[in-house]
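The values are calculated or read from the model by the stated rules, or taken from the named source; none is laboratory data. Here the structure is a predicted model, which is why all the values come from computation and not from measurement. Counting neighbours? That spans all protein chains shown, and the Cβs are built from the backbone with ideal geometry, glycine included.
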């Protein structure tokens, strides 16, 4: 955020704080995602989570069912969102959301390291650069020649 005080004045205190909570919450969720992913080990035969001893087998099954249910709900919501926004062509891409979340987690870790190492570094994305030829702005028109004589 370039001008936090201006944003605060524009949004008001409540909306400004809500935006901060949402932004920091998303960042924290991506940083903590690997902890949740580690619980998927329970679904692989012969593997268990390091904290598995804290839960009885029924609790572990309930936790695994909860994770699978959450993934199915996430997929269903993505499909419903594509349909309701009249963007049904995007529905097949909903299956790629786990990859998106994995990449977002990597990006969150990269951002956390950059925040610690170089807090004023801005790794700006060059929008509009796609490897093709970019149109150059037209040269300014030259005024008519003012000759002497």
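Answer with yes or no whether residue 36 is closer than 16 Å to residue 99 by Cα and at pLDDT below 90. So residue 36 passes the test. Close Cβ contacts (under 6 Å, 6 or more residues apart or on different chains) running from residues in the range 91-110 that are under 15 Å from residue 31 (Cα atoms) to residues that are part of a helix (DSSP H, G or I) comprise 104/30; 105/30; 105/33; 108/27; 108/30; 108/31. Based on this model, can you work out whether residue 47 counts as more than 30 Å from residue 5 (Cα to Cα) and either touching a helix residue (DSSP H, G or I) at 6+ places or on another chain (Cβ under 9 Å) or at pLDDT below 90 (or both)? Taking the combined requirement at face value, the residue satisfies it.
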